[in-house]
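Only the coordinates and a few stated rules stand behind these numbers; no lab work does. Here the structure is a predicted model, which means the values were calculated and not measured. Quick reminder, even Gly has a Cβ in these numbers, built from the backbone with ideal geometry, and neighbours come from all protein chains shown.
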Amino acid sequence: MNRINHYITALSLNEGLPKFDWLNLAIARHMGMFCFNNVDLLLNKGQILSLELEDIHHKIVTRRRGGYCFEHNKLFYAMAKDIHIDATAYLARVTFNSTDELPKNHRITIVKLNGKEYLAEVGFGRYAPTCLVPLNGTVVTSPNGDVFRITQNEAVYALEIIKDGNFFTLYVFEKTQCFEIDFELANYYTNCHPDSGFTKNLTVARIGETKTFVIRENVFSTIENGIAQQIEIADAKDLQKKLSQSFTIEISTGQAEILF
């Protein structure tokens, strides 16, 4: 069984579904099964995370270790291409409503179905839409209740989420051609630059069917129906337990002490 077939099998996807429904199911199941995190980046500072598809597949699908955007979204992109879906990868600027000058350091995938374009996002952590989001501005609701839309201002698109009653910009992007070397460079920045948040704080998220689980700054959050319950992580042992039970990430006691 090749890597992509193994990935599809892991997601338990039915070949008979229409492509639109199939992709929506694939996104939701990927997000529920494989968590977003920067664990290996923090444990191996100075080492660049491999973006070779074989390494990504082994890490995410075989080891259930999860990863971040350059890993998750490359795997999903490769699957889409393998099943003959029109898919293109671009780089986005994560803004979180900021107007500051920010780097393009987030990989995304745009798919085209029946002449319409959609964002297929599986690598944005807590605020990732767990369904296809059309580029034409249509508002959609993810299975977990989060509400999204993509707006367009000339050549710039913006992914927005309803937050505190208003639309909030998560990231912006343009449909500018990108090559793998562009993603390698952005991955290098994210791995190494002192301004990269991924080199500083542990970030873990998994969006399940009814609950979302998040670890951020030693706080463990469970979100259900828009309501968050937060618990401060007591110590390294507690962190080790929560990573294992809620995110399928197995680490040693020593590694937990590094992350805590």
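Here are the numbers:
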{"quantity": "For the range 78-96 and the range 107-174, distance of Cα centres in Å", "calculated": "13"}
{"quantity": "Charge sum, other residues only, whose C-beta stays under 10 Å from residue 205's C-beta, Lys/Arg counted +1 and Asp/Glu -1", "calculated": "+3"}
{"quantity": "Fraction of the pair-distance distribution of the chain above 26 Å, Cα-Cα pairs, percent", "calculated": "38"}
{"quantity": "Cα centre as origin, Lys/Arg/Asp/Glu Cβ charges: the range 1-61 dipole, Debye", "calculated": "120"}
{"quantity": "Net charge, residue 162 excluded, C-beta distance under 10 Å - Lys, Arg +1, Asp, Glu -1", "calculated": "-1"}
{"quantity": "Percentage relative contact order, the chain, counting C-alpha pairs under 8 Å, at least six apart", "calculated": "19"}
{"quantity": "Rh (Kirkwood; distinct C-alpha pairs) - the range 206-260, Å", "calculated": "11.5"}
{"quantity": "Packing-based ranking, highest mean first, of 157-163, 81-87, 34-40, 214-220 given that Cβ atoms within 10 Å are counted", "calculated": "34-40, 157-163, 214-220, 81-87"}
{"quantity": "Length released on extending from residue 82 to residue 12, taking residue separation times 0.36 nm less the Cα-Cα span", "calculated": "23.5 nm"}
{"quantity": "Fewest-first ranking of 195, 21, 146, 182, using other Cβ atoms within 10 Å as the exposure measure", "calculated": "195, 21, 182, 146"}
{"quantity": "Over 32 Å between alpha carbons, listed pairs 116/241; 112/241; 175/242; 116/211", "calculated": "116/241; 112/241; 175/242"}
{"quantity": "Under Karplus coefficients 6.51, -1.76 and 1.60, residue-wise ³J(HN,Hα) of the range 90-106 in Hz, glycine/proline x", "calculated": "10, 10, 10, 9, 7, 10, 6, 6, 7, 9, 5, 6, 10, x, 7, 9, 9"}
{"quantity": "Counted charge near residue 33, where neighbours are those whose Cβ lies closer than 10 Å (Asp, Glu -1; Lys, Arg +1)", "calculated": "+3"}
{"quantity": "The chain: most fluctuating residue of 54, 15, 224 per GNM, C-alpha cutoff 10 Å", "calculated": "15"}
{"quantity": "Members of 45/200; 200/237; 45/163 lying beyond 22 Å, as alpha-carbon distances in this model show", "calculated": "45/163"}
{"quantity": "Residue among 197, 168, 251 farthest towards the positive dipole end of the range 155-260, charges placed on Cβ", "calculated": "251"}
{"quantity": "Gyration tensor verdict on the range 122-260 (Cα atoms; rounded if a/c is under 1.5, prolate if a/b is larger than b/c, oblate otherwise)", "calculated": "oblate"}
{"quantity": "Computed [θ] at 222 nm, deg cm²/dmol, the chain (DSSP H ≥ 4; -39,500 (n - 2.57); rounded to nearest 500)", "calculated": "-9000 deg cm²/dmol"}
